[in-house]
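Below: one structure, written as structure tokens.
Read-outs: derived from the displayed coordinates by stated rules, not from any lab. None of the values given here were measured: they were computed from a predicted structure. When we count neighbours, we look across all protein chains shown, and the Cβ atoms used for this are built from the backbone with ideal geometry, even at glycine.
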Ligand SMILES: Cc1ncc(C[n+]2csc(CCOP(=O)(O)OP(=O)(O)O)c2C)c(N)n1
Ligand code: SF4
């Protein structure tokens with residue numbers, strides 16, 4: 001099989017993977033659910049990177065979005081509510097050769113999974129974390145989530161969510177050793193593709209908040225953004241997410257932002273008058289725990305035993 005490279009020369013592949021190689025069971029989300037767009041984009045990014053499906057693992061917690069591993073033709077682990085990230089970290093620590101993708105919801109990550117969220121960002125293990133944020137608990141039918149906007153009518157708060165929504169961007173940016181923070185909407189395919197691709201290329205934990213349509217339970221969350229793209233602020237920079245004119249034509253409000261500027265990223269994230277899209281923060285040099293923790297993995301059992309004995313002998317009189 002042949003593939004055309006960016007410079008128009010030909011690559012010859014022993015195995016060539018098509019989109020179908022990354023697809024699993026038939027996706028069963030509601031019509032119009034934004035999860036479809038993210039799933040299809042993940043398939044495309046994997047296909048374009050030609051990652052062997054058997055080298056890839058999709059990990060999730062519980063929720064509508066957490067059904068993603070079922071729809072992947074890769075390895076997958078549909079875990080417990082709020083525990084996608086510890087599972088992903090465990091997989092990465094034992095199998096650093098695997099490409100790890102995490103699918104988690106706003107309830108799964110920011111509520112029951114808030115502890116693992118903090119520590120996983122600090123561990124900075126090499127994986128893509130896609131938070132499908134529809135501002136509601138979808139699977140369990142419309143309970144308030146941490147990102148439900150104040151006043152949103154839900155089944156747990158029928159008179160309106162009483163508190164201001166949690167800001168996942170400022171929280172994530174505030175975690176020690178954070179290395180990649182991006183935000184995107186599910187309904188702009190070119191921006192979604194380039195954001196997930198950039199997240200995948202980053203070595204470390206790539207945190208991507210995907211603002212996701214749930215037309216069944218939180219239609220009022222995304223609809224105003226779709227109808228008023230001027231509410232969004234597109235972050236442009238040569239080191240940011242590549243974006244073509246089609247994206248810039250939709251999101252006319254733009255701001256040049258260097259993603260290495262943490263203070264600038266925090267200021268953008270804190271300003272809730274605009275919803276930033278693009279790469280807020282990128283530190284390619286942050287320590288990556290799976291690299292640190294896998295030192296010596298190539299040693300044989302005999303070598304490891306000898307090293308342990310030598311360490312113990314150092315305490316002997
Ligand atoms: C320990 C535990 N608590 C509660 C639940 C019930 N539960 C399942 S999914 C979910 C919330 C899902 O919301 P979210 O993570 O935002 O994902 P979405 O369905 O919106 O994609 C809850 C509360 C559970 N399965 N396990
Ligand atoms: S309830 Fe909402 S999030 Fe869940 S599948 Fe339906 S549209 Fe998607």
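A compact table of results
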| item | result |
| --- | --- |
| C-alpha long axis of helix 84-94 to longest principal axis of the chain, angle in ° | 20 degrees |
| Considering only the range 16-313, percent of DSSP beta bridges that pair antiparallel, nearest 5 | 20 percent |
| For the range 289-311 and the range 210-266, distance of Cα centres in Å | 45 Å |
| For the range 117-176 versus the range 15-94, the gap between their alpha-carbon centres in whole angstrom | 21 Å |
| The range 61-148 shape via C-alpha gyration tensor axes, a/c threshold 1.5 | oblate |
| Crossing angle, helix 301-313 versus the chain [Cα axis fit, 0-90 degrees, rounded to tens] | 80 degrees |
| Neighbour-count ranking [beta-carbon atoms within 10 angstrom, fewest first] of 274, 67 | 274, 67 |
| Choice from 75, 137, 159 with maximal GNM fluctuation in the chain (Cα, 10 Å cutoff) | 159 |
| Modelled FRET efficiency - R0 41 Å, residue 295 with residue 228, Cβ distances, 0.05 increments | 0.20 |
| Order of 285, 133 under a 10 Å beta carbon neighbour criterion, fewest first | 285, 133 |
| Kirkwood Rh and Cα Rg combined as Rg/Rh, the chain | 1.01 |
| C-alpha long axis of helix 114-123 to longest principal axis of the chain, angle in ° | 50 degrees |
| Value at 222 nm in deg cm²/dmol, rounded to 500, when DSSP H runs of n ≥ 4 in the chain each add -39,500 (n - 2.57) | -9500 deg cm²/dmol |
| Relative exposure of 121, 317, judged by other C-beta atoms within 10 Å (fewest first) | 317, 121 |
